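For reference, the structure is listed below as structure tokens.
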Amino acid sequence: MIEFHQYDYLESETNVTVICDSTSSLTGSRATTLLCRVPRFILPELNTHRVFSRNVASSRAKRFNTLAKDTVFHPKLWIENHKGMQGSELLPTWKGWIADLLWSSSKWSAVVHGYLLDKLGVSKQYANRAIEPYCYIDYLVSSTEWDNFLYQRDDNAAQFEIQVVARKIKQALEKSKSVLLKQDEWHLPFITERDRNGLSVFKQIQVSVARCARTSYSTPKNSAGMKDIYDKDIALYDTLVNSKPPHLSPTEHQLLCDWPNVATSKSNIQGFTQFRKILESVQFNQEGVSQYV
């Protein structure tokens, strides 16, 4: 049986960055937000874990020329065909060379056909689909529970590519120093010290929501604290929350350190109050939200 962990170094495009790491002084729960760069085709396996709050780069949101730059996925291990879900032997070297050529040929064929569809004027939600199997994507995820994911995915029976993701998440969690939050303090991804010094708590939440939402079409970045950037962030927040229906997945990463109550406790996040639950409990009324911020 192949010991896949010894080949992790080959999957160099996969990486995991800790964006925000907090521990509740009230409940002891640890919440961590990670930005992961992963092969797109393992997305269904990641999305089966319901304890995750996530925002993911969308093929529908990016221009074809932008998405095509991410078509760098190439299998690092060629496994012999097998019964069941996991193989135990690598292909002979000469067959691996042929497999490399066939994969590269299929990728460039997909890129060319996607390009032609794009130039024909076909919507990117179709043209971009042709190149999805070859793409890496940004995957923003927040959770207070990682054990089951790591148990299932950091396992020799899992697909190699998601094993690498699991092991890099495990390493990131082990190395990260969690910040202890006092009651009524917030876990806010992509908020810098400069943001905290220059913005009210509610505006920090709005800006954090907007920056998490941008995962769908750009690589999230902390702003330089410029007013026009903040105005754009707050405008995006208003669009997300006030649209019909509202788009609330980016509001799941902002977490309040308090004692969860009945109205806000039914969540995939444990030991914190999720901002989404606050919004839903007060029906998006800003006056109602103000009691929490």
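At a glance:
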| quantity | calculated |
| --- | --- |
| Residues being acidic (Asp, Glu), in contact (Cβ under 8 Å) with a residue 40 or more places away in the chain and assigned to a helix (DSSP H, G or I) - total across the range 126-183 | 2 |
| Residues satisfying the stated conditions in the range 203-221, i.e. open to solvent by less than 30 Å² (accessible area, probe 1.4 Å) and either in a helix (DSSP H, G or I) or farther than 22 Å from residue 16 by Cα (or both) | 204, 205, 206, 207, 208, 209, 210, 211, 212, 213, 215 |
| Test result for residue 112, in a loop (DSSP other than H, G, I, E, B), out of contact with any helix residue (DSSP H, G or I) (no Cβ under 6 Å at 6 or more places or on another chain) and either surrounded by fewer than 20 Cβ atoms within 10 Å (Cβ to Cβ) or at pLDDT 95 or above (or both) | no |
| Pairs where the first residue, in the range 200-211, is farther than 10 Å from residue 234 by Cβ and the second is at pLDDT below 95 and among the basic types (Lys, Arg), C-beta under 7 Å, 6+ apart | 204/196 |
| Counted residues, the range 133-171 - those being surrounded by fewer than 19 Cβ atoms within 10 Å (Cβ to Cβ), of a type in the set (Gly, Ala, Ser) and either under 29 Å from residue 256 (Cβ atoms) or in contact with a Leu (Cβ under 8 Å, 6 or more places away or on another chain) (or both) | 0 |
| Residue tally, condition touching a helix residue (DSSP H, G or I) at 6+ places or on another chain (Cβ under 6 Å) and not β-branched (Val, Ile, Thr), over the range 134-150 | 5 |
| Within the range 45-89, considering residues that are exposed (fewer than 13 other Cβ atoms within 10 Å of the Cβ) and hydroxyl-bearing (Ser, Thr, Tyr), the one nearest to residue 250 (Cα to Cα) | 48 |
| Residue ID - farthest from residue 25 (Cα to Cα), chosen from residues in the range 139-188 that are small (Gly, Ala, Ser) and modelled with pLDDT under 95 | 157 |
| Members of the range 125-182 found to be of a type in the set (Phe, Trp, Tyr), within 18 Å of the chain's Cα centre (by Cα) and farther than 25 Å from residue 75 by Cβ, listed by number | 146 |
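The values are calculated or read from the model by the stated rules, or taken from the named source; none is laboratory data. Remember, predicted model here, so these are calculated numbers, not experimental data. Cβ coordinates were reconstructed from backbone atoms using ideal geometry, including for glycine residues, and neighbour counts include every protein chain displayed. Side chains are part of the model used for accessible areas, which takes the heavy atoms of the whole protein and leaves out ligands, DNA and RNA. Shrake-Rupley method; radii C 1.70, N 1.55, O 1.52, S 1.80 Å.
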